[in-house]
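Please read the structure below before turning to the comments.
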Amino acid sequence: MSRWEWGAKVPAKWTALKAPDLEEEPKEGQVPAGIKTETSTPTWNEADLEFRYYRKELQNFMTHNPIMRILQPTQIGDQTGPVTAPATTDNKLEAIKILMNLLQEASLVAGAFDADDLFRPDLRILQLSMKERFDN
């Protein structure tokens, strides 16, 4: 018997997975999350739409900002509102401390990171990464 053949019994019931047709009409009752359906035409909940927008912006910031890529922060609580504006400093160690405090204030905690990687970037890059979210 070749190894291509089944050595054991084939399950009695195999179900084929089928992708939905693109031209198929959406089924009744299937409404994307975040859409109100009290009216005849679905409308977006403004607060939910705003929440999703800011969450996406934060996600983009966390994945593309070089300092955030080093820190790999994780959310530990519910998202909070605005955090205090970062203080400016000419000391790299103080800038890192301010950044860590901002993360904590935003209910984020830094993941495992190499401290040497965090101290390697120029002070200006640290300052820009802290202010980037406040200028938008």
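Coordinate-derived values only; no laboratory data. Model, not experiment: these values are computed from the prediction.
Annotations for the structure displayed:
- In terms of overall dimensions, region 65-118 has a Cα radius of gyration and Dmax of 11.4, 32 angstrom.
- Note that region 35-135 shows a convex hull volume over its alpha carbon atoms of 106 Å³ per residue.
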